Amino acid sequence: MKLVLPKLTKKKIVGIIAALLAVTLLLVWVLGSCGGSSSQVSAEYEAHTVSRGDITVSVTGSGTVEPIEQYEIQSIVTGDITEDYVTVGTDVQKDQVLYVIDSESAENSIERAETSYEQQLISYNQKVKDHNKTQSNRTVYAPVTGVITQMYVENGDEVNPGTKLCEISNSEYLTVRVPFLSGNAKNIYINQSATVYFDDRNEAHTGYVSHVTTGTYATEAGAVVSDIEITFKNPGAILPGEVVTATVGSYACNDYGTVEEASVKTVTAEVSGDIENLTYSKGDRITGGNLLLKITDDSSSSDLRSSELSLKNSRLSLDDQIERLEDYTIKSPIAGTVISKTMKEGDTLDGNKSSLAIVADMSKLTFDISVDELYIRNIEVGQKVTVTADALPDKTFEGVVDTISIIGTPTSGVTVYPVTVVISEYEGLLPGMNVDAEIVISNASDVLTVPVNAVSRGNLVLVKEDSDISGIVLNEPANKAPEKNDSSAPSSDTPKPDDAKAPKTEEKKGKMRLPDAPEGYKYIIVETGVANDDYVEIVSGLSEGDVIYVTVIKNTSTSQFGFGMGGGMPSGGMGGMPTGGMSSNRGGMSGMPSGGMGGMR
């Protein structure tokens, strides 16, 4: 047969647990009574005199000291250690040479990088020269004035050097080629103003340089010359074949030239690229010197840019090799003391960040402690810290809070924060020693003090009922018998709730209902100040020499004969214990409500 269990709700589970606890407590009490002895719980009240003293509140922690700064000297290069200047225990300065590694392979790499850079630089300079040369020929001007009789290209066409662009018929103009000394010809440029002289006619006509030859030749007289072509407008009376001379600027020609009819001028491309900015077509008239078209060439610019980037990469590679050479001379990154050494002269490094030595700044020592989240806001940078070490029991060191981390670590439900302490004077302490630290977060000197367990609920102190100690009595003791008069019973003088003489609700606000005081005692209110685990400062409410009482719980055992519930356990079990400890009523814990453990539902 299948057993079906009833579904247990949360309320039922809590009820079962409460019942089991009640039964367990009852069994323990009964068995204790039947076993021949019983345990009696009682409360006693110890007197304490209010006195003056100092109260210090501090945060403590432990840590392991280490140098304020420490570096592991490592090498990332390969080679043999050729020089070693490291001795454990000696002081070194920042950038002091510690080791020298054989750098022959690195020097060879630098030489190869320098050669590669020089080759790339030559290539780049040639690319720049070629690019600049072609750029001047990419803007094509009309060489003569006339009518375009043929147009061989249009925008977007790709051309190469020598490709025909157009033909311009120039019947209105004449040209003449005259030799100029080559040294002068170098300073003459296209479209420069020129003057043609007709000696036979005693005439002079102004024109312009339409072409400058790049070659030279020697005349019969032995002069080295270059031909300059000059174009000028035909006045209508000059015939081809006439002999003329010419000047360009301050330069005169070296010999005569013969006038020729300009007729048809064929314009050709001098560089490769694509045609753009062409606005003329066949039949248009164009003036010599005006822009005809442009020839663009992205490949030339791309080649130049590519060469420039290659040169830059080559330079960076060389710089890296030179910088890498510095890795073969190992220097100390800080001023400090050599505390460890693992490599020596003659050892070989494999380039895998080999550890060579450890240099530490021993000017200060430092350690970390963990501070509870409840106290971390009381810690400030610069606070003094008292430091002790088990290894040096007769010494105390002074440190200061250096840093306070804002990143905490949860531990067992509590978050702790690392606090770094620095010790400047640490004679006798060595790295690796364990130390204890105390940080005073508050201090009260020459103040009234009482034991911390003498204060109940934050501001209540127990005193004798007949005491004249200053303070505010919260309520009369619960076991004080009422006086035999009619004031305990209602009378005709007692105001009714709706009576005008009845106390207003607002007048009762702020009053607290506190636990009843034990017989013969009363509670007074005090104002407290600084407190630690042992004592609490009394700001007001008590005076020096006043006697207050602290509740002490004691267990006593007595012999029991026979079977029974000896001791008079009250009905109801545990619960309702008043603040200040257990009462002196025999037979169990006072104030226990009926129905089991207090607060269990």
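The values are calculated or read from the model by the stated rules, or taken from the named source; none is laboratory data. Quick caveat: nothing in here was measured; it's all calculated off a predicted structure. Here Cβ is always computed from backbone atoms with ideal geometry, including for glycine, and neighbour counts include all displayed protein chains.
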The one condition His131 fails out of (1) modelled with pLDDT of 90 or more; (2) more than 30 Å from Val225 (Cβ to Cβ) is (1)
Exercise for the section: Could you tell me whether Ser332 is under 17 Å from Gly89 (Cα atoms) and either under 28 Å from the mean Cα position of the chain (by Cα) or free of Cβ contacts under 8 Å to residues at least 12 places away in the same chain (or both)? Expected result: yes
For region 98-109, the count of residues that are of a type outside the set (Ser, Thr, Tyr), under 39 Å from the mean Cα position of the chain (by Cα), surrounded by fewer than 19 Cβ atoms within 10 Å (Cβ to Cβ) and not in a strand (DSSP E or B) equals 2
For region 297-308, state whether one or more residues are among the aliphatic types (A, V, I, L, M) and not assigned by TED's automatic domain parsing to the domain that holds Tyr152. yes
Thr396 passes all but one of the listed conditions (1) in contact (Cβ under 8 Å) with a residue 24 or more places away in the chain; (2) over 14 Å from Asp368 (Cβ atoms); (3) assigned to a strand (DSSP E or B); the exception is number (1)
Flagged pairs (Cβ under 6 angstrom, 6 or more apart or on separate chains; first in region 531-550, under 21 Å from Tyr521 (Cα atoms) and aromatic (Phe, Trp, Tyr); second buried (at least 19 other Cβ atoms within 10 Å of the Cβ) and at pLDDT 90 or above) are Tyr549/Leu462
Exercise for the section: Go through the residues of region 397-410 one by one and say whether even a single one is over 30 Å from Ser75 (Cβ atoms) and over 29 Å from the mean Cα position of the chain (by Cα). Expected result: yes
How many residues of region 416-448 are among the small types (Gly, Ala, Ser) and under 20 Å from Ile339 (Cβ atoms)? The answer is 3
For region 428-447 the number of residues that are surrounded by 14 or more Cβ atoms within 10 Å (Cβ to Cβ) and charged (D, E, K, R) is 2
Log entry, pairs with first residue in region 146-160 being over 14 Å from Gly283 (Cβ atoms) and of a type in the set (Val, Ile, Thr), second being modelled with pLDDT of 90 or more and crowded, with 17+ Cβ neighbours inside 10 Å, beta carbons closer than 6 Å, six or more apart or on different chains, reads Val153/Leu165; Val153/Ile275; Val159/Ala269
TODO: Report yes if Ile238 is assigned by TED's automatic domain parsing to the domain that holds Ile188, aliphatic (A, V, I, L, M) and either touching a helix residue (DSSP H, G or I) at 6+ places or on another chain (Cβ under 6 Å) or at pLDDT 90 or above (or both), otherwise no.
DONE: no
From the option list Val271, Val244, single residue qualifying as closer than 20 Å to Pro161 by Cα, in the same structural domain as Gly156 (by TED's automatic domain parsing) and not small (Gly, Ala, Ser) is Val271
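This table checks each residue for (1) over 28 Å from Ala531 (Cβ atoms); (2) surrounded by 11 or more Cβ atoms within 10 Å (Cβ to Cβ); (3) not charged (D, E, K, R); (4) not assigned by TED's automatic domain parsing to the domain that holds Ile538.
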position	(1), (2), (3), (4)
Glu373	no, yes, no, yes
Asn378	no, yes, yes, yes
Val400	no, yes, yes, yes
Pro410	no, no, yes, yes
Tyr426	yes, yes, yes, yes
Condition set closer than 29 Å to Ile334 by Cα and of a type outside the set (D, E, K, R), scope region 389-398, selection surrounded by the most Cβ atoms within 10 Å (Cβ to Cβ): answer is Phe397
Residue count, region 209-225, condition closer than 21 Å to Gly288 by Cβ and either buried (at least 18 other Cβ atoms within 10 Å of the Cβ) or of a type in the set (A, V, I, L, M, F, W, C) (or both), comes to 3
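Residue by residue, here is whether (1) more than 25 Å from Gln321 (Cα to Cα); (2) outside the structural domain of Arg305 (by TED's automatic domain parsing) holds:
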residue: Thr90; (1), (2): yes, yes
residue: Lys94; (1), (2): no, yes
residue: Glu107; (1), (2): no, no
residue: Glu114; (1), (2): no, no
residue: Tyr124; (1), (2): no, no
